[in-house]
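Below is one structure, written out as structure tokens; the observations come after it.
Just so it is clear, none of the values below were taken in a lab; they were calculated from the coordinates. On a predicted model such as this, the values are computed, not experimentally measured, just so you know. Quick reminder, even Gly has a Cβ in these numbers, built from the backbone with ideal geometry, and neighbours come from all protein chains shown.
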């Protein structure tokens, strides 16, 4: 017993006698190393109305696989508006774009209707290039909240005017009539944009052909429909191509980096219609886009990719009796629900997006990832 005690004491003494000058190398977790990097570019991907039910149904319908599984960081945001526990797209997108809670229907304004600078506008001021792509009209609530300031989301023609107040380099979405066949004035905003050196195309020329005309044009806009674009199941095919073309276009001229928001808009419309097939086909297109964006970001090495939704739509769920090949789905509403929303992140600054937080934090986390610090 005494001998055993002596051995233990001797070993402890030897351990304590290790030179204090010798440094012990402790491996730093990869996620922590990532936090020291600054994102040169940010790609924000929004699946409008995409909650866990939509993700689950889309994943099951895709051989139980989705590009979202490739993201190393996941989190959850709380989407309520200032005026209502159940948010709409305008209030939610304004939270992402401006870092504030506001009322349903607000576009880039606070609860008192005061304009608030958006992250896209700040990026422009800091010399970054910017873009917006949507499978809705480009003046719809989500894209509008990043570039416009209006007290009501339905003021589409007023929102279109705000496109002339920025130097956005790239935008694609529907709503041509709000630019060139207006009811509130006689302005032709397409001609005004062209006078500002924009190359403007529209749905009369397929996007795959239009993109070959971009060349050295630094500012590009494409109006993909006169009003709302078609669902993907009815032939809409520009979203993935337009998004990837946008990344290439912005990267080619973005010495200081870029910010782009890309929205898969019609997952939401499928929820409002209580149409599971509509939801799933729109999600599958979005999933394809997410995979391509991740591939691009992995090659680039300087880009933060964030995927989330503004809210869930329809109270969509998968019921007992379902199989992987045959889903039994149900809805609780034709409106939005108050469900918390998942967030997925990859790239420099991505570790910030884990945890549970208000939707406004996505704005602040993106600013931090850019290295912009306090406002």
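Computed values, structure above
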item	result
Mean Cα-pair separation over length for region 269-375, i.e. relative contact order, pairs under 8 Å, 6 or more apart, %	26
Residues 196, 177, sorted so that the one with the fewest Cβ neighbours within 10 Å comes first	196, 177
Cα long-axis angle, helix 360-370 against the chain (0 to 90 degrees, to the nearest 10)	70
Helix axis angle, 239-253 relative to the chain longest principal axis, alpha carbon, degrees	70
Region 188-291, relative contact order [Cα under 8 Å, separation at least 6], %	22
Protection-proxy order for peptides 318-327, 254-263, each taking the mean of Cβ atoms within 10 Å per residue, highest first	254-263, 318-327
Cα pair distances exceeding 21 angstrom across region 229-372, given as percent	53
Antiparallel content of DSSP bridges confined to region 38-370, in %, to 5	30
Length-normalised contact order for the chain - Cα pairs under 8 Å, 6+ apart - percent	30
(i) 42, 26, 20; (ii) 41, 22, 19; (iii) 34, 24, 19, with the label sought being that of the calculated semi-axes √(5λ) of the Cα gyration tensor in Å	(i)
Highest-fluctuation residue, 80, 253, 352 considered, GNM on the chain with Cα pairs under 10 Å	253
In degrees, nearest ten, helix 2-16 long axis to first principal axis of the chain (Cα)	50
